[in-house]
Amino acid sequence: MQRYISLNAGFLVVCTLLGIVVPSQAGRTTEAKRLPIYVVFTVDVESFSNGNPERDIWGRAPNEPQEHGIGRMMDILDRHGAKGTFFVNIYEAPTSGNDTMAEVCRVIHQRGHDLELHTHPGPMFDVFSMQDADPVKQTQILKRGVELIKEWAGAEVVAHRAGGYMANLDTIKACKQADIQLEFSYNMGWPESDLGREGLTENAPFVRDGVLCVPVTCYIQASAGSWKSMRFLDIEASSPQEVRKVVADLHANGVRTAVVMMHSFSFFRMGKRHDRVERTLDELVAGFVADPDVEVVTARQLYEIWRADPNALVGADYMPTTGWWMTYHRSWQRLGEGWKNIAVAFAPPVFLVLVISGGVIIRRRRRRRKSREAARASK
Ligand SMILES: [Zn+2]
């Protein structure tokens with residue numbers, strides 16, 4: 001993070017010498033810059049629609065001697081003295097089994113990690129997502145989730161994230177009704193989210209209807225003119241370099257929170273090991289825990305901070321940009337993970353070779369034509 005900050009500081013010095021005012025820096029308090037940024041590692045715990053909790057939550061398979069699910073995620077966080085927030089989709093109990101989902105909740109809570117609520121309500125409430133349900137039903141869904149987590153693990157839910165970020169303004173009100181104080185569904189980088197399209201903030205947390213809404217951190221990975229390609233901090237999709245740069249930029253610009261997300265199956269997607277993603281989590285947690293500008297917290301800890309001081313999370317709002325080079329670099333890091341990465345990685349060198357070859361061919365043709373013309377003229 002220091003490197004990015006020193007680059008940023010250098011840029012500001014040059015701008016100051018040239019008498020240029022940088023608008024995004026204007027009005028920022030030095031106090032906000034000194035405060036650490038709170039980083040929350042969040043995990044959406046769920047099976048796919050066909051439901052295989054052994055594989056998709058625990059990361060177990062007959063041919064795999066080690067687990068690559070939520071247990072491994074907790075191991076990594078614990079190794080660095082950090083805790084994560086696990087949003088559990090308890091609504092898959094009718095397909096995955098009550099005992100299975102209760103065990104998931106108990107293990108997370110007993111290991112001292114933050115057990116919270118994730119809503120894919122379909123199997124229990126006959127509605128695909130929270131934003132498809134009316135306000136009364138949304139409240140019913142949340143209250144049932146709070147009840148079951150209390151019954152199964154003895155834990156009090158303080159935070160909610162809607163499945164697929166498919167929440168709306170009613171979801172925030174429903175959280176208040178269900179006595180859930182924090183909402184983590186706001187994501188500008190997910191086009192299917194009604195809440196994300198409300199334009200309530202970029203990355204700054206905000207309070208609405210008495211609920212603290214903490215956005216999933218978004219950034220612009222590339223832009224051209226008015227076109228922008230947006231991403232959010234998902235450890236499967238973003239490289240460690242991108243996550244670090246985004247968090248450093250948010251901190252430098254006075255934003256108080258950053259939310260990194262993953263799924264219970266991020267290390268073991270469809271039963272296929274993703275060691276790169278495991279290394280990414282390990283590297284990120286180690287780096288952030290050692291960084292004096294960062295404090296790794298859970299949603300529950302964030303709630304305690306906010307409850308103790310309602311102004312503790314008030315800061316600036318900002319949308320970081322990672323740029324073309326980081327996007328391109330990421331595709332080289334993932335060459336073995338699909339044709340899209342191969343296409344993006346090889347497109348610029350292939351384009352360059354084509355341009356150079358074209359130039360050479362044109363020059364040769366011109367030379368030949370000139371020599372033919374010279375030969376005709378000399379006859
Ligand atoms: Zn989900």
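Taking the stated definitions as given, is Met270 of a type outside the set (Gly, Ala, Ser) and at positive phi?
Values: of a type outside the set (Gly, Ala, Ser): yes; at positive phi: yes.
Judged against the criteria, Met270 is a match.
The residues of segment 73-126 that are of a type in the set (D, E, K, R), farther than 21 Å from Arg279 by Cβ and outside any helix (DSSP H, G or I), listed by number, are Arg111, Asp114, Glu116, Asp126. Is it true that Tyr165 is within 16 Å of the ligand (Cβ to nearest atom), at pLDDT 95 or above and either at positive phi or surrounded by fewer than 21 Cβ atoms within 10 Å (Cβ to Cβ) (or both)? In short, yes. Of the residues making up segment 217-224, one or more are touching a helix residue (DSSP H, G or I) at 6+ places or on another chain (Cβ under 8 Å) and either free of Cβ contacts under 8 Å to residues at least 24 places away in the same chain or assigned to a loop (DSSP other than H, G, I, E, B) (or both).
Evaluating Ala155 against the criteria (1) within 16 Å of the ligand (Cβ to nearest atom); (2) part of a loop (DSSP other than H, G, I, E, B); (3) touching a strand residue (DSSP E or B) at 6+ places or on another chain (Cβ under 8 Å) leaves one unmet condition, (1). Considering only residues in segment 79-104 that are within 16 Å of Leu142 (Cβ to Cβ) and in contact with a Leu (Cβ under 7 Å, 6 or more places away or on another chain), the one that is nearest to the ligand (Cβ to nearest atom) turns out to be Phe87.
Could you tell me whether Ala316 is under 19 Å from the mean Cα position of the chain (by Cα), away from the ligand (no atom under 16 Å from the Cβ) and modelled with pLDDT of 95 or more?
Working: under 19 Å from the mean Cα position of the chain (by Cα): no; away from the ligand (no atom under 16 Å from the Cβ): yes; modelled with pLDDT of 95 or more: yes.
The answer is no for Ala316.
Scanning segment 225-259 for residues that are surrounded by fewer than 24 Cβ atoms within 10 Å (Cβ to Cβ), in contact with a Leu (Cβ under 8 Å, 6 or more places away or on another chain) and free of Cβ contacts under 8 Å to residues at least 60 places away in the same chain turns up just one, Pro240. When Gln110 is tested against (1) surrounded by fewer than 22 Cβ atoms within 10 Å (Cβ to Cβ); (2) within 16 Å of the ligand (Cβ to nearest atom), exactly one condition is not met: (2).
The values are calculated or read from the model by the stated rules, or taken from the named source; none is laboratory data. These numbers were taken from a predicted model, which means no experiment stands behind them. Don't worry about glycine lacking a Cβ; one is built from the backbone with ideal geometry, like all the others, and counts go over all protein chains shown.
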